[in-house]
Amino acid sequence: MDAEEAKAKLLAVQKELGHEIRVFTNTTASEKPDDVSASATEEPDDFYDFTPEDYYQIMSEKIGAQSQVLKTRKIREAEAAVRRARITKAVIRVRFPDNYVLEVKFQPAEKIQSLMDLLTKVVARPDLPFYIYTTPPKERIKDTSKDFYSAGFAPGAIVYFSYDRPKDSDYDNAVAKEGPYLRDDILSLNGLDLSAEQVDPVHPEQEPKPKPPEVASPLPDPKPAAKKPTKPKWLKL
């Protein structure tokens, strides 16, 4: 698939879903708690001493907390409105068990339910119930009526996908474990990103050379006008 065909395919899928998306694989292996070595080096005794820096940090945090209490409700609401106005998008990354990641751009005011609706369109088995959760700790997202900003998902967040599969269903359980989790045409978009396109650089010889600034030639100093000789009044010829 050439670049133009890939671009057209990605644009078609984005038009179908109504959002900008990107698919890529998560190559960084997450470290499990069991992999952490138990023979961690112990800190020296003076590590736990209370230093002047610790005192100043605690006092600054205490003063900052008191200043927040003293602020009126209107001031706090105004500051919150300013912070919210600065956030113009919510980039949500959905990680699947097979290490694929689906990145979707939403508006901060959109509901989490819009993400659930989009996932229903792109997963390979929309007939199976699923849910999303955050970690750590693992917390299932149940209230999908919240907007992304109120849920703390703006300007960006990472959530995890899982089928809500019953334990007594062997077939569905196996499919949900092995995958694939995304549709084949969605998986074919792996690595495509329209925002990564770069404009061809301009060669140095093609760049117009800047003209040197024109320096105005200094004007010659005006010579004083020659005075006509005059006769003194007392001189009589």
Built amide H within the under 5 Å cut-off of E110, gap 5+: F148
Note the full-extension length gain between K74 and T88 as 0.36 nm times their separation in residues minus their Cα-Cα distance, in nm to one decimal. 2.7 nm
Expressed in nm to one decimal, what extension gain is obtained for the pair A157 and S145 from 0.36 nm per residue of sequence separation less their Cα-Cα distance? 2.6 nm
Say R0 is 41 Å: what FRET efficiency, to the nearest 0.05, do F24 and I58 get from their beta-carbon distance? 0.45
How much solvent-accessible surface does D127 expose, in Å² to the nearest 10, with a 1.4 Å probe and all protein chains in place? 100 Å²
Could you tell me the accessible area of E5 in Å² (1.4 Å probe, neighbours in place), rounded to the nearest ten? 100 Å²
Taking 22 Å as R0, compute the FRET efficiency from the Cβ-Cβ separation of D98 and T120 and round it to 0.05. 0.75
Accessible-area order for V123, V82, largest to smallest, probe 1.4 angstrom, reads V82, V123
Accessible area in the full protein assembly, largest first, 1.4 Å probe, for Y100, Y131, Y181, Y56: Y56, Y100, Y131, Y181
How about segment 87-122: which trypsin sites (Lys or Arg not before Pro) there are in a DSSP loop, with at most 15 other Cβ atoms within 10 Å of their Cβ? K89
Given a 1.4 Å probe and the protein chains all in place, what does the accessible area of T72 round to, in Å² to the nearest 10? 70 Å²
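The values are calculated or read from the model by the stated rules, or taken from the named source; none is laboratory data. Remember, predicted model here, so these are calculated numbers, not experimental data. Methodologically, a virtual Cβ is constructed for each residue, glycine included, from the backbone with ideal geometry; neighbour enumeration extends over all protein chains shown. SASA here: full protein model, heavy atoms, side chains in, ligands and nucleic acids out. Shrake-Rupley method; radii C 1.70, N 1.55, O 1.52, S 1.80 Å.
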